[in-house]
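Inspection log for the structure reproduced underneath, given as structure tokens.
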Amino acid sequence: MADYIIGIDIGGTTVKIGIIHNHGDILTKWEIPTNTTNAGKSIIDDIWHSLDQRLTEEAIDRSTILGIGVGAPGFIDVDTGFVFEAVNIGWKNVDLTDQLKAKSGLPVFLENDANVAVLGENWKGAGNQAKNVIAITLGTGVGGGIIANGSVVDGENGMAGEIGHMTIDPDGWPCNCGRRGCLETIVSATGIVRQAKQVITGNPTSKLAAFVQEYGEITTKDIFQLAGEGDTLSESIIQHTADILGMFIANMAVTLNPSKVLIGGGVSKAGGQLLKEIIAAFDRYALPRAAAVCDIRVAQLGNDAGMIGSAFLVKQKELNVKF
Ligand SMILES: [Zn+2]
């Protein structure tokens, strides 16, 4: 049996690489910059050079490696390991899996970055190897990953789990996807700031308005801090955000009936207050039998989730392991 698995998480600014024991502990991990110049042409070479060198340094023989798992952003075909387009890193029509296989001589598997993150969280993080899980990442946008009956859900053409683009308000703010009122226009870090700006327009003499006047800008962190200091308008923004998320999770709960909902990303770090209010809203909206088995938690692994999940992907594909 192989001792190690390679987990790789390709992001817009860095590539995270880890040599992972087959039971999920990290032997060593490091990062290299994502070189997006020249349409990202050198990225796969950069990854392989760095990995090959580290394997030599660690005296790890290729025969002890089960395979390489890769999480990448953008539109991908998980069956062929082909990246159609990844705007952040400049890729268009890149045969990632074939190239990395040819260089390494190892089996290589590719998944969407949000999907490997939920695999990682469920393997070694807050999911605790549940069979039915929804992961929600609240960052600049809103990402998602779904595990149903023990496997990650890709859907017919890779769009499953794109929860940030579920329509919440048909007359809402315009979204990057070209439509209006998507979940991420309201509850992402960007969305929460947008809510604050709207509240300020209607309340020009408020503490929030004074804050923006003084500092020129406001962040999600500032809004959470003001709410913590008792500012009622800031509290109302957090309540609205939690209410939308609680309703959204309640709707997902009658679709997938998860036992775990894992909330990660920058916004989730802003405070336990948000989690508490999401859970309260969820309990108001959810069907009691679906709510009874559903535990909403903050994700644990942070930036390592994708890399660890990419390693689990290899286990899943090579050894047919399920949660
Ligand atoms: Zn959208």
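By accessible area, using a 1.4 Å probe on protein heavy atoms only, the chain has 49% of its surface on carbon and sulfur. In this structure the chain gives 46 Å² per residue of accessible area when probed at 1.4 Å with all protein chains present. Within the chain, all pairs of alpha-carbon atoms sorted by distance into 20 Å bins from zero give the percentages 32, 53, 15, 0. Quick check: from the Cα gyration tensor, does region 209-295 come out rounded (a/c under 1.5), prolate or oblate? Cα axes put region 209-295 in the prolate bin.
Amide H contacts under 5 Å for GLY264: ILE136, THR137, LEU138, ALA299, restricted to partners 5 or more places along the chain or on a different chain, H placed in the peptide plane at 1.01 Å from N.
Under 17 Å from a label point 7 Å along Cα→Cβ of GLU31: give me every residue in region 79-96 with its amide N that close. Residues 89 fall inside that zone. Peptides 105-118, 242-255, 161-174 ordered by packing proxy, namely the average of other Cβ atoms within 10 Å per residue, highest first: 105-118, 242-255, 161-174. Counting only Cα atoms, the size of region 111-226 along its three principal axes is 52, 31, 18 Å, in decreasing order. Database remark: amide H of MET166 closer than 5 angstrom to the amide H of LEU183, GLU184 (H placed geometrically; neighbours at sequence offset of 5 or more, or on other chains; Pro and chain starts carry no H). Derived scalar couplings between HN and Hα for region 117-127 equal 4, 5, 4, x, 4, 7, 7, 10, x, 6, x Hz in order, rounded to whole Hz, by the Karplus curve 6.51 cos²θ - 1.76 cosθ + 1.60 (θ = phi - 60°), x for Gly and Pro. Simple spin-label estimate for LYS197 and LYS269 gives 2.4 nm between the two label positions (7 Å along the Cα-to-Cβ direction from each Cα).
Bridging of LYS41 to lysines at a Cα separation below 25 Å is possible for LYS16, LYS29, LYS92, LYS101, LYS103, once same-chain residues fewer than 8 apart are set aside. Stretching the chain fully between THR14 and ASP98 yields a gain of 28.1 nm (0.36 nm per residue, less the alpha carbon separation). Restricting the chymotrypsin sites (Phe, Trp or Tyr not before Pro) of region 121-218 to loop positions (DSSP other than H, G, I, E, B) with no more than 10 neighbouring Cβ atoms within 10 Å leaves nothing. With θ taken as phi - 60° and the Karplus curve 6.51 cos²θ - 1.76 cosθ + 1.60 applied, the whole-hertz 3J(HN,Hα) list for region 129-136 is 6, 6, 8, 10, 9, 10, 10, 10 Hz, x standing for glycine and proline.
Note that region 129-299 shows a convex hull volume over its alpha carbon atoms of 114 Å³ per residue. Counting only residues at least eight positions apart within a chain, or on another chain, the lysines with an alpha carbon under 27 Å from that of LYS207 are LYS197, LYS221, LYS269, LYS276. Taking amide H positions as modeled 1.01 Å from N, with prolines and chain starts lacking one, the residues under 5 Å from ASP295 and 5 or more places away or on another chain are LYS260, VAL261. Each residue of region 279-287 is assigned a 3J(HN,Hα), and the resulting list reads 4, 4, 5, 4, 4, 5, 9, 7, 5 Hz, derived from the Karplus form 6.51 cos²θ - 1.76 cosθ + 1.60 (θ = phi - 60°), x at Gly and Pro.
Using only the Cα atoms of region 97-156, each taken as one equal point scatterer with no solvent, compute I(q) by the Debye sum, divide by I(0), and report log10 of the ratio at q = 0.17, 0.18, 0.28 Å⁻¹. For region 97-156 at q = 0.17, 0.18, 0.28 Å⁻¹, log10 I(q)/I(0) is -0.64, -0.70, -1.07. The solvent-accessible area of ARG54, taken with every protein chain present and a 1.4 Å probe, is close to 60 Å².
Once the Cβ-Cβ distance of GLN129 and GLU156 is raised to the sixth power relative to R0 = 22 Å, the FRET efficiency obtained is 0.25. Extension gain, ASN176-ALA59: 0.36 nm per intervening residue step, less the Cα-Cα distance, totals 37.5 nm.
The values are calculated or read from the model by the stated rules, or taken from the named source; none is laboratory data. These numbers were taken from a predicted model, which means no experiment stands behind them. Neighbour counts are summed over all protein chains in view; Cβ atoms, including those assigned to glycine, are modelled from backbone coordinates with ideal geometry. The protein model used for the area step is the full one, side chains on, heavy atoms only, and it has no ligands, DNA or RNA in it. Shrake-Rupley method; radii C 1.70, N 1.55, O 1.52, S 1.80 Å.
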